[in-house]
1. Looking only at the range 71-79, decide whether some residue is hydrophobic (A, V, I, L, M, F, W, C), in contact (Cβ under 8 Å) with a residue 40 or more places away in the chain, under 22 Å from residue 30 (Cα atoms) and assigned to a helix (DSSP H, G or I).
Amino acid sequence: MPKSLPLRFRNIALTLLGLGLGYLTLSVSTALLYMAFRSIENPQILPAQFMAMSAVFGVVFSVVSSYIAAFFARRSPVLHASLFALMMTLLYLIPSFLFGFRAPLFFAVLNVAIVVGGSMVGGWLRYWQMNRQRSGLTLAES
């Protein structure tokens, strides 16, 4: 970010950049997972197994995406991870309520729990990394 911008606008721009990149990371990785599953000609994976695999990958994608959002924001990683979790929850629930749920309510609750839980882990990982960098400790010394 250019240093010529006032601090307030630069912070807002970094927050929006972090949230946008986190969203892109989560949505692209989820879409690629779905495309990989759909490309199998004779799938041997049952839908229940795919749902379990998607839940595991969803946690991983959510952790990475919220870490990216907190990393690019450069400050308050847990706050930015919380904003990311709120944004993703709203982006999932608003269309579901407006256009109806295609899956049982249990899956909606599970998706929101996965995104919120994974997002908070990603934010805390970034917070932990920032504290280690400030104190000058490496991973081997801690």
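The values are calculated or read from the model by the stated rules, or taken from the named source; none is laboratory data. The model shown is predicted, which means the values in this text are computed figures rather than measured ones. All Cβ positions, glycine included, derive from the backbone under ideal geometry; neighbour counts span all protein chains shown.
1. The answer is yes; a qualifying residue exists.
Yes or no, residue by residue, for (1) modelled with pLDDT of 90 or more; (2) among the acidic types (Asp, Glu); (3) under 17 Å from residue 26 (Cα atoms); (4) exposed (fewer than 14 other Cβ atoms within 10 Å of the Cβ):
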| site | (1), (2), (3), (4) |
| --- | --- |
| 93 | no, no, yes, no |
| 101 | no, no, no, yes |
| 104 | no, no, no, yes |
| 115 | yes, no, yes, no |
| 119 | yes, no, yes, no |
| 128 | yes, no, no, yes |
| 131 | no, no, no, yes |
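Listed here are the residues, each with its yes/no results for (1) free of Cβ contacts under 8 Å to residues at least 40 places away in the same chain; (2) in a helix (DSSP H, G or I); (3) exposed (fewer than 12 other Cβ atoms within 10 Å of the Cβ).
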site: 10; (1), (2), (3): yes, yes, no
site: 26; (1), (2), (3): no, yes, no
site: 31; (1), (2), (3): yes, yes, yes
site: 36; (1), (2), (3): yes, yes, yes
site: 48; (1), (2), (3): yes, yes, yes
site: 56; (1), (2), (3): yes, yes, yes
site: 66; (1), (2), (3): no, yes, no
site: 96; (1), (2), (3): yes, yes, no
